[in-house]
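Just so it is clear, none of the values below were taken in a lab; they were calculated from the coordinates. In this text, all values refer to a predicted model and were calculated from it rather than measured experimentally. Using ideal geometry, Cβ is built from the backbone for each residue, glycine included, and neighbour counts are taken over all protein chains shown.
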There are 2 protein chains.
Amino acid sequence: MSEVIEKAKKAKIAKDELVHQTTESKNEALRLIAEALRIKQDDILEANGKDIAAGKEKGLSPSLLDRLALSPKRLNDIADAVLLLADLDDPVGESLETIKKENGLLIEKVRVPLGVVGMIYEARPNVTVDAATLCLKTGNACILRGSSSAINSNKALVGVIQEALGASKLPKDAVQLIEDTSKETAKQLFTLNGYLDVLIPRGGKNLIDMVVRESTVPVLETGAGNCHMFIDESAESEMAEQVVINAKTQRPSVCNAIETVLIHENWPKRYAKELLQKLEKEGVQIKGDEAVCELLPSAVPAEEPDWETEFLAPVVSVKNVRDLDEAIRHIHKYGTRHSEAILTENEGNARFFLTSVDAAAVYHNASTRFTDGFEFGYGAEIGISTQKLHARGPMGLKALTSSKYIIKGNGQIRI
Amino acid sequence: MSEVIEKAKKAKIAKDELVHQTTESKNEALRLIAEALRIKQDDILEANGKDIAAGKEKGLSPSLLDRLALSPKRLNDIADAVLLLADLDDPVGESLETIKKENGLLIEKVRVPLGVVGMIYEARPNVTVDAATLCLKTGNACILRGSSSAINSNKALVGVIQEALGASKLPKDAVQLIEDTSKETAKQLFTLNGYLDVLIPRGGKNLIDMVVRESTVPVLETGAGNCHMFIDESAESEMAEQVVINAKTQRPSVCNAIETVLIHENWPKRYAKELLQKLEKEGVQIKGDEAVCELLPSAVPAEEPDWETEFLAPVVSVKNVRDLDEAIRHIHKYGTRHSEAILTENEGNARFFLTSVDAAAVYHNASTRFTDGFEFGYGAEIGISTQKLHARGPMGLKALTSSKYIIKGNGQIRI
């Protein structure tokens, strides 16, 4: 039997035990895991050191090595996050709807765990703990398939988690790692219908696209963010400066940072010039259309691919648009339905933009950087969904649950 | 350009108009459609007549021909259903969550249409009107791909719907039919990512399995029902008789009818015998395991495939089980996660069953026949979902919606 099938079978058994666990048992397990992560710090860091050494030998880039690296501080932050998770409300068991029929039948829609969650992800070992504990909090068993470059760290982390589970009321097999990181095991997970209830990819666009394309198991897609800010003709210049600079530069490497600024052609040219110069001063490279390059000679002419690129870097493409309609058309053509914003003093235009633009989050007069599970107060984040089914936008714990109708009677029959 | 791509492009344009429609405009369009279905009755029946004649020539079975056939009464019922739909609450625009941040940012989660819905279905032309109007009510554009055997009826119905839309405020292209019913057009829909927001198959297991397997567009799976009734040792004999007979015989051809009865071996044998004899008297064929065949010599020995078959007919498989655990294991092995029931006077066993059994609807002391959007008071039903993401169990109008975060500020930036 292959490793994947063997662990999938164990996960199914663990799942059946997990539905009977109380919130307190789950939280106790989380606290034991947090404690174990601190106690076993040296073992984990030693294993991580092996991955780092192997990564250097393989010539991984400094940024990849940084994502891979654990430190006492990072491990401590990870353990703290697990403790915070234990304090959050348990979504499982929540009553979503109650229907009392005239014949006395009581129908209740209740929130339940999804079952077995498969997680495919890249590099960062903190995702291992994050995914495992989010699943445990919501009563799900999980099968983790990380990347080969983090295999020693992941083995150590899952070992620690399983040991902690052994001391809790939860089944040890609630969290399992696929240790064979060949492509084959990823592909096996794609078609593990009947075992996996959902597959969640976390990583770059290539990974996510492959999972969406090849998986027959339902997928929770966490997507890329090619986000736009549209400056309408009535936008306040000072607000535009603040918000655009924040949305682009506060943390350029994340999905809710903007990649393109669309400027209404009637917005005063001196405002536009000042804004672009300030962006440059903040170290942002401007890629502009013809009108922008005329206004700002230091700008690089934008090419077609620039409109569809998620730079994730201090680079921004800037385009003049004739009107609101052209802005919306541009967003629908190039956007990834993540976060889109309008800056305007015209309430009608704001309303039209917010209704028209098809995206997980649409903003009026604010930075797109707020699209985030913690900023929204969810206390946890599985990812940001750019799909429309099940969950859209920042996904908190509820995204890891399903529902079930529980119907109680005393002999009712349908007539 | 292929028919599918051409219509998909038009649907996307229609979708962008639909988000601005008011509830009243949508309801007015539905009332115009209901009226047109009555006015154009003769044309529709004539087209349907062609399908029936072609079907007879092709040697379609009487039951398929019956599903295909329209009549003045059936058309009138279809028009009535459209009027009822107009009276239902509009889920679009519902506020699902409001978050007010300390910095003054107002975050609102609002229900919105899914966008463009693709529907692949078999034979019955009533699904054409049903699907189109459910989509319109929820502000979705739809692309319908029916079967070749109903093509004349479907063309006539969609023609009538589009004419009615022409007289309404809604775009005519909100409802479109793919007229080329070759396999190729179905396959094109499977991978129409970027145009279709969801694909809904309605029909037999083969169709649904193929869509789930081959579609890269997100799928709303409406599944088969291999439903079970477990008679625990403490079950009341009279209630068991009533409920089992109802769940099996009230309408054997539907997905929420039971296919297997599991009997606790300690349930008095005379009760079991009486129940099985009554089922036989109601015209139900019994396929039993060894113990059942001993008790009821007229029973046919059940073979392995009988446990996994959705008979959809007056046939039931019956098995003795040692205990609650064996019953649950059997249900998890053979069930389709649709509707599962326990009959027991033991509250602890009931609770354990309701928590353990992984299905869309779980029952204590009632017939499974209630798993139905209308019985649950939803006023409409898109289908019954046996998947766990997005929607589970009977799907009302809300299953055809997504959500979106609308964020309003006055210059807020993230610090």
* Structure fact -> So the angle from the long Cα axis of helix B:23-39 to the longest Cα principal axis of chain B, reported in degrees to the nearest 10, equals 80
* In debye to the nearest 20, how big a dipole does segment A:227-370 give about its Cα centre with +1 on each Lys and Arg Cβ and -1 on each Asp and Glu Cβ? -> 380
* Structure fact -> Here segment A:329-336 yields Karplus 3J(HN,Hα) values (6.51, -1.76, 1.60; θ = phi - 60°; whole Hz; Gly and Pro given as x) of 4, 4, 4, 5, 6, 10, x, 10
* Asked: Tilt of helix B:205-214 relative to the longest C-alpha principal axis of chain B, in degrees (0 to 90, nearest 10)?
  -> 50
* Asked: Between segment A:383-415 and segment B:338-364, what's the alpha-carbon centroid distance in Å?
  -> 18
* R0 = 60 Å: FRET efficiency of B:Gln250 with B:Ile13, Cβ-based, nearest 0.05? -> 0.85
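Give, rounded to the nearest 20 debye, the magnitude of the charge dipole that chain B has about its Cα centre when Lys and Arg contribute +1 at Cβ and Asp and Glu contribute -1 at Cβ.
Numbers: 51 positive and 61 negative charges, 300 e Å.
The calculation lands at about 1440 debye.
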* For A:Glu46 and A:Asp180, FRET efficiency with R0 = 22 Å and r from the beta-carbon atoms, rounded to 0.05? -> 0.50
* List the residues whose amide H sits under 5 Å from the amide H of A:Val219, counting only those 5 or more places along or on another chain, with H placed 1.01 Å from N in the peptide plane. => A:Leu199
* To do: Let me know the shape class of chain B, please: from the alpha-carbon gyration tensor, a ≥ b ≥ c as square roots of the eigenvalues, rounded when a/c is under 1.5, otherwise prolate if a/b is greater than b/c, or oblate.
  => oblate
* Asked: Roughly speaking, what is the centre-to-centre gap between segment B:113-171 and segment A:49-71 when only Cα atoms are used, to the nearest Å?
  -> 55
* **Between helix B:269-281 and chain B: long-axis angle, C-alpha atoms, 0 to 90°, nearest 10** => 50
* **Counting all C-alpha pairs of segment A:227-370, share separated by more than 24 Å (%)** => 18
* Asked: Where a Cα-Cα gap under 14 Å defines reach, which aspartates and glutamates qualify for A:Lys7, not counting those fewer than 8 residues away within the same chain?
  -> A:Asp173, A:Glu179, A:Asp180
* Asked: For all pairs of alpha-carbon atoms in the protein assembly as shown, what percent lies in each bin of width 20 Å, listed from the first bin to the last filled one?
  -> 15, 43, 34, 8, 0
* **Stretch gain in nm, segment B:Glu290-B:Thr23, where the contour uses 0.36 nm per residue and the Cα spacing is subtracted** => 90.2 nm
* Asked: Which Cys residues of chain B have no other Cys beta carbon under 4.7 Å away?
  -> B:Cys227, B:Cys255, B:Cys293
* Tell me, what is the FRET efficiency for B:Leu207 and B:Thr355 to the nearest 0.05, using R0 = 41 angstrom and their Cβ-Cβ distance as r? -> 0.80
* Distances in nm from B:Leu65 to the matching label points in the other copies, shortest first (labels 7 Å along Cα to Cβ) -> 7.8
* For B:Ala69, which sequence-distant residues (separation of 5 or more, or a different chain) have an amide H within less than 5 Å of its own amide H, given hydrogens modelled in the peptide plane? -> none
* To do: Would you kindly derive the ³J(HN,Hα) couplings of segment A:145-153 from the backbone phi angles with the Karplus curve 6.51 cos²θ - 1.76 cosθ + 1.60 (θ = phi - 60°), listing them in order in whole Hz, with x for Gly and Pro?
  => 10, x, 8, 4, 5, 10, 4, 5, 4
* Can you work out ³J(HN,Hα) from phi for every residue in segment B:97-104, in order, using Karplus 6.51 cos²θ - 1.76 cosθ + 1.60 and θ = phi - 60°, giving whole Hz and x for Gly and Pro? -> 5, 10, 10, 10, 7, 4, 7, x
* Calculate the radius of gyration of the Cα atoms of segment B:195-308 to one decimal place, then report Dmax, the largest Cα-Cα distance, as a whole number, both in Å. => 18.1, 61
* Could you list which residues have their amide H under 5 Å from that of B:Val315, counting only those 5 or more apart in sequence or on another chain, with H placed in the peptide plane? => B:Gln285
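Do you know the relative contact order of chain A, to the nearest whole percent, from alpha carbon pairs under 8 angstrom that are 6+ apart?
17
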* Axis-nearest residue in chain A [Cβ, rotation onto B], distance in whole Å -> A:His390, 2
* **Whole-Å semi-axes of the ellipsoid equivalent to segment A:5-59 (Cα gyration tensor, √5λ, descending)** => 32, 19, 7
* Structure fact -> With only helices counted (DSSP H, runs n ≥ 4, each -39500 (n - 2.57)), the per-residue ellipticity at 222 nm for chain A, to the nearest 500, works out to -13500 deg cm²/dmol
